[in-house]
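This report concerns only the one structure given below.
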Amino acid sequence: MENIANVSFDDWSKLDLRVAQIKKVENIEEADKLYKVTIDVGELGERVICAGIKEFYEKDELKDKQIIIIANLEPRVMRGIESQGMLLAAVSEDPKQVILLSPEKKVNNGLKVS
């Protein structure tokens, strides 16, 4: 079993987890694993994230899906695109299985997750 380091509650509370809805999914030229995903984060507006989920999801499976994101992750440029957050997924150890985390029921975009 992997030894996992503990984090303080203060560290955990710095994360801004939100519900977002996928509005648009685009291929990124010469990227085998990445999609460019435009999301609606409610009061935080629209954002673009780069997500390495291409081998696990078809574009049409993602359209309008609600997901959980880290909204306050420092932006990072990937393949020339500024990624403004990160989606959360359950990943198997090998990683042959990737399942996006999403709310059980439809909720308002931008809702905080705690």
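The values are calculated or read from the model by the stated rules, or taken from the named source; none is laboratory data. No experiment lies behind these values; they were computed from the predicted model shown. Backbone-built Cβ (ideal geometry, glycine too); neighbour counts: all protein chains shown. Accessible surface areas use protein heavy atoms only, side chains included; no ligands, DNA or RNA. Shrake-Rupley method; radii C 1.70, N 1.55, O 1.52, S 1.80 Å.
What distance in nm separates the two pseudo spin-label positions at M86 and E29, each 7 Å out from Cα along the beta-carbon direction?
Inter-label distance under the simple model: 2.8 nm.
Take every Cα pair under 8 Å in the stretch 1-68 that's 6+ residues apart, average their separations, divide by the length, and report that relative contact order as a whole percent.
32 percent
Find the lysine pairs in the chain meeting two conditions, Cα atoms under 12 Å apart and a separation of 8 or more places or different chains, and report how many there are.
13
I'd like the projected area of the stretch 1-64, averaged over all directions, using the convex hull of its alpha carbons. Report it in nm² with one decimal.
Reported value for the Cα convex hull: 6.7 nm².
Taking the Kirkwood radius as the inverse of the mean 1/r across Cα pairs, report the Rg/Rh of the stretch 34-77.
My calculation puts Rg/Rh at 0.94.
How compact is the chain by the rule of thumb for globular proteins, expressed as Cα Rg over 2.2 N^0.38 Å?
1.09
Accessible area per residue of the chain at 1.4 Å probe, in Å²?
69 Å²
Tell me, what % of the accessible area of the chain is carbon and sulfur with a 1.4 angstrom probe?
Carbon and sulfur atoms account for 48 percent of the accessible area of the chain.
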